[in-house]
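Engineer: Before I ask anything, let me first share the structure, which is written out below as structure tokens.
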Amino acid sequence: MSIRTTMLSGASGLAAASAGIAATSQNVANATTPGYSRRDVAQRAADPLVGRVVLGQGVNVEGFTRATNERVVEQQIDAGADLARAETREQSLAPLEVYLDPVDGTGPRTAMGAFFDALTASARDPADAGLRRDVVAQGGSMARVFNRTAEALSAAESGQDRTIRGGVDDLNAILEEVSVINVKIVAAGGNLRAGDMADRRDQLMREAGKLAGVELDIQPDGTATGRIAGHVVVSGADVRPLSVQADGSITVPVGEGAITVDDKLNGQMGGLVQARTATRTMRTDLDDTVSGLADALNTASAGGYDRNGVAGADMLDYDPSAPGATVNFAISDPDELAYADGALALAGDGGNLARMMAVENTAVVGTQTAAESMSALTSALGTNIRNSRAEAAQSDAILLDLDELNASLSGVNLDEEATNLLTYQAAYQAAAKVVQTADQLMGVLMEMV
Amino acid sequence: MSSSIRSSALLFRNATTQSNLMKMRNRVNTVKDQAVSGLKVREASDAPASWPYVSDLVDSIGDQEVLGKNAGRAISMLGVADSTLREASSVMKRAREVAVRFSTGSFNDEDRASAASEIDGLRDSMLDLANTDVGGRYIFSGNAYDAPAFDSTGAYVGSNDTPTITIGEDGDSVTAGFDGAEVFLDSLTALEDLADAMRTGTPADIQDQIDPVDLAMKDVITTRSIAGGQYKRATDVQTLTESLTVVLNESLAEEVATDPFESYQEFTQLTQSLEATLQLTARSNSMSTLFSRI
């Protein structure tokens, strides 16, 4: 053991204590940074020299470690994706409820009810012009409520479509950034910067998870591999960007082709795809109800005669490509309502009016009446929204637990850092003392020369 | 959950507390909205399973209102029909009395002429009764009820059917008018024939007119009993719709309305919890004490 070795040991202690202070300062500075993982100094005693006396050569700082548990991060990403899916679906569907018969408002079912009530009131006196006018007014109002509801559903669907397209762009940008960081992590090795990159990568993967439910795998070299429905979308420096097709479906490139992953997405986009499917179904159901109701009423009308003895005209006309949005109450002159069964169109002849009234209780969509069909549609929407809320509450609770677990594993404890700071300070002072003592010994030796 | 509490963990604890705070605030707002609107169920998502039932209740309440009004209209038509037919039967009874009195032959020509004039008057009354209307709706014109049933000559110009009014959800209806020909034509003819017999016929001829008068009176009485039956059905339906409306409204209230007392109680509990949580949040914000001592 030479004085020089002692000095070098002391110097390595200085370096180790400095590294410790650097890690502590980084930890303290990032105590409130979301997604930050605590840094520790990885150090070990330097290899000993083998001589007459076996003794070490000080300390080696091997780098900085990141206090993290990748399994917890993966679980956080999953739970975040589940939460985002449920919340997005709920947020996307809930605004539609106001169009579908709130108890204190008007929707298709209440409008239909009011129309048939007006027809029933007309049965009091089929010749009564006031009652006939009310039927025309309620018919027009019913058609407008159908139009408004169909337009709201179409607008919601195109909004969902636009957001999905925007989400795919955002996701591709995130995947691109992950690939860049993958390269930097490999290049940075084990220094503080690699840890910062890994934190950033985890944050990005959380965002990608929240956006589309990307599954994360951390490779032994520290890079992240992301998958959607088992298909790799980012690996090392490679990115396979998602695309939105003309029909709105989302595809992932696989080999030379592409696979549709619509129903396999999680996160916000998964929620949007589910909401879009539900909205499309509602629009189709509304269209079926409108066309079924219109056809039944028109058939009934054709079987009778109006006040002038003219055969009944269509009550509701519509464009078959979009019945809900285009339906219109075609009769504007109350006398043209074909209530009479006979061509004489006697004042009290309500024979055909009874047929029109019977449409209310006739199956016009499969085995359902128009009112039952609308109730089923509204009830399905309500169930979907309620389930979304329940799923969101459950995922939120899971995510909060995971966040807390992650914080306890990776977070910064300021008391601990303060203690570390004192320890490293003392270590630095002690190491400096060793160097100073070695220096003095060296001085004594030099004076002897 | 955590064995060592790190400051980031503390931050997350705060995040948990904040999340709970937000949930409580949302619930407070929901309860407040429910108390103000009086509705705990406004949209399908508030109670998806019972939504079809709620919609049916709302529909049925509307239906009952209309059907009740329809029954009311039928009641007023049938009420007038009943009193008209009572009058008509009195007219025929009087005609029969006159016929019976003059069929014995102990009256002079002048008396018979005077009695014939009375029968003419009864016939005119009968025509007036046959042309009774309620607000322009002629009860005995069949479906052609927008015009009088008989013209001034006594010819029936109404239609040979009976108008009805729907009073039930299944299309059930009551008669709210009559074929005047069936009710009054025989009476008018019998009265005209009786008047002729009074003027020109023998007592035996007058005697022969008593049977037609009786038969015609039977038409009137039969129709009156039909009107009475229909009147009873319409009033039953009206009573039923009124009590059904009450029951349906109660059922709807059970499904959708808030209990003000429950709302107040929940509101009070929630605001107290909210305040307690806020205080807790404020206290848990202290981070490290050691740094201040270095």
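The values are calculated or read from the model by the stated rules, or taken from the named source; none is laboratory data. Just so it is clear, the structure is predicted and the values come from calculations on it, not from any experiment. As a convention, Cβ positions derive from the backbone with ideal geometry for all residues, glycine included, and neighbour counts pool all protein chains shown.
Engineer: Of all residues in region B:154-171 being away from chain A (no Cβ under 11 Å) and touching a residue at least 12 places away in the same chain (Cβ under 8 Å), which is nearest to residue A:116 (Cα to Cα)?
Structural biologist: As a first pass, look at region B:154-171 and keep what is away from chain A (no Cβ under 11 Å): B:154-157.
So of that shortlist, the ones also touching a residue at least 12 places away in the same chain (Cβ under 8 Å) come out as B:154, B:156-157.
Details: B:154: 40, B:156: 35, B:157: 33 Å.
Among residues in region B:154-171 that are away from chain A (no Cβ under 11 Å) and touching a residue at least 12 places away in the same chain (Cβ under 8 Å), the one nearest to residue A:116 (Cα to Cα) is B:157.
Engineer: Is it the case that residue B:91 is crowded, with 18+ Cβ neighbours inside 10 Å and more than 14 Å from chain A (Cβ to nearest Cβ)?
Structural biologist: So residue B:91 passes the test.
Engineer: List the pairs whose first member sits in region A:307-324 and is hydroxyl-bearing (Ser, Thr, Tyr), whose second member is part of a loop (DSSP other than H, G, I, E, B), and whose Cβ atoms are under 9 Å apart, counting only residues at least 6 apart or on separate chains?
Structural biologist: A:318/A:327
Matching residues to (1) under 30 Å from residue A:18 (Cα atoms); (2) in a helix (DSSP H, G or I); (3) facing another protein chain (nearest Cβ under 8 Å); (4) in contact (Cβ under 8 Å) with a residue 40 or more places away in the chain:
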{"site": "A:349", "(1), (2), (3), (4)": "no, no, yes, yes"}
{"site": "A:378", "(1), (2), (3), (4)": "no, yes, yes, yes"}
{"site": "A:386", "(1), (2), (3), (4)": "no, yes, yes, no"}
{"site": "A:402", "(1), (2), (3), (4)": "no, yes, no, yes"}
{"site": "A:412", "(1), (2), (3), (4)": "yes, no, yes, yes"}
{"site": "A:419", "(1), (2), (3), (4)": "yes, yes, yes, no"}
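Engineer: Return the pair list, or none, for Cβ contacts closer than 6 Å from residues in region A:232-258 that are more than 23 Å from residue A:181 (Cβ to Cβ) to residues that are of a type in the set (Gly, Ala, Ser), at least 6 apart or on different chains.
Structural biologist: Qualifying pairs under 6 Å: A:251/A:243; A:251/A:258.
Engineer: While we're on this one: Identify, please: which residue in region A:150-183 is charged (D, E, K, R) and surrounded by fewer than 18 Cβ atoms within 10 Å (Cβ to Cβ) and is, among those, nearest to residue A:95 (Cα to Cα)? Can you show your working first?
Structural biologist: At the first step, the residues of region A:150-183 found to be charged (D, E, K, R) are A:151, A:157, A:161-162, A:165, A:169-170, A:176-177.
Subset that is surrounded by fewer than 18 Cβ atoms within 10 Å (Cβ to Cβ): A:151, A:161-162, A:165, A:169-170, A:176-177.
On the way: A:151: 13, A:161: 16, A:162: 17, A:165: 21, A:169: 25, A:170: 25, A:176: 34, A:177: 35 Å.
Looking at residues that are charged (D, E, K, R) and surrounded by fewer than 18 Cβ atoms within 10 Å (Cβ to Cβ), I get A:151.
Engineer: Which of the residues that make up region A:100-157 are more than 8 Å from chain B (Cβ to nearest Cβ) and of a type in the set (D, E, K, R)?
Structural biologist: Within region A:100-157, A:128, A:132, A:133, A:134, A:144, A:148, A:151, A:157 meet the criteria.
Engineer: Would you pick out the residues in region B:61-76 that are within 7 Å of chain A (Cβ to nearest Cβ), touching a helix residue (DSSP H, G or I) at 6+ places or on another chain (Cβ under 6 Å) and surrounded by fewer than 23 Cβ atoms within 10 Å (Cβ to Cβ)?
Structural biologist: Correct list: B:62 only.
Engineer: For region A:308-325, indicate whether the set of residues that are of a type in the set (Val, Ile, Thr), away from chain B (no Cβ under 14 Å) and surrounded by 24 or more Cβ atoms within 10 Å (Cβ to Cβ) is non-empty. Write out each step before concluding.
Structural biologist: Start the filter on region A:308-325 by keeping residues that are of a type in the set (Val, Ile, Thr), which leaves A:310.
Narrowing the set further to residues that are away from chain B (no Cβ under 14 Å) leaves A:310.
Now narrow it down to the ones that are surrounded by 24 or more Cβ atoms within 10 Å (Cβ to Cβ): none.
No: zero hits.
Engineer: Can you tell me which residues in region B:1-23 are in a helix (DSSP H, G or I) and either surrounded by fewer than 18 Cβ atoms within 10 Å (Cβ to Cβ) or at pLDDT 85 or above (or both)?
Structural biologist: Listed by number, the residues that qualify are B:14, B:15, B:16, B:17, B:18, B:19, B:20, B:21, B:22, B:23.
Engineer: Another one. Looking only at region A:103-122, which residues are within 17 Å of residue A:296 (Cα to Cα) and among the hydroxyl-bearing types (Ser, Thr, Tyr)?
Structural biologist: A:120
Engineer: Spot the failing condition for residue A:417; the list is (1) of a type in the set (D, E, K, R); (2) surrounded by 21 or more Cβ atoms within 10 Å (Cβ to Cβ); (3) under 23 Å from the mean Cα position of the chain (by Cα), and only one is missed.
Structural biologist: Exception for residue A:417: condition (3).
Engineer: Quick check on region B:116-149: of everything there that is part of a helix (DSSP H, G or I) and of a type in the set (S, T, N, Q), which residue is farthest from the chain's Cα centre (by Cα)? Let's see the steps before the verdict.
Structural biologist: First pass over region B:116-149, keeping only residues part of a helix (DSSP H, G or I): B:116-130.
Of the ones still in play, those that are also of a type in the set (S, T, N, Q) are B:117, B:125.
Numbers: B:117: 46, B:125: 33 Å.
So the residue we want is B:117.
Engineer: Looking at region B:18-39, which of its residues are more than 10 Å from chain A (Cβ to nearest Cβ) and either in contact (Cβ under 8 Å) with a residue 40 or more places away in the chain or under 20 Å from residue B:248 (Cα atoms) (or both)?
Structural biologist: B:18, B:21, B:24, B:25, B:27, B:28, B:31, B:32, B:34, B:35
Engineer: Something else: For region A:82-102, how many residues are buried (at least 23 other Cβ atoms within 10 Å of the Cβ) and either of a type in the set (Gly, Ala, Ser) or farther than 24 Å from residue A:327 by Cβ (or both)?
Structural biologist: Matching residues across region A:82-102 total 8.
Engineer: Would you call residue A:363 at pLDDT 95 or above, over 19 Å from residue A:93 (Cα atoms) and either within 8 Å of chain B (Cβ to nearest Cβ) or not in a helix (DSSP H, G or I) (or both)?
Structural biologist: Criteria met by residue A:363.
Engineer: Now for a different question. Run down B:253, B:227 and say which single residue is aliphatic (A, V, I, L, M) and more than 30 Å from residue B:82 (Cα to Cα).
Structural biologist: Checking each option against the conditions leaves just B:253.
Engineer: Among the residues of region A:243-271, how many are surrounded by fewer than 24 Cβ atoms within 10 Å (Cβ to Cβ) and in a helix (DSSP H, G or I)?
Structural biologist: 3
Engineer: From A:426, A:392, A:397, A:430, which residue is surrounded by fewer than 17 Cβ atoms within 10 Å (Cβ to Cβ) and touching a residue at least 12 places away in the same chain (Cβ under 8 Å)?
Structural biologist: It is A:430.
Engineer: Now, a different point. Return the residues of region B:41-53 that are crowded, with 18+ Cβ neighbours inside 10 Å and over 30 Å from the mean Cα position of the chain (by Cα); say none if nothing qualifies.
Structural biologist: B:45, B:46, B:47, B:48
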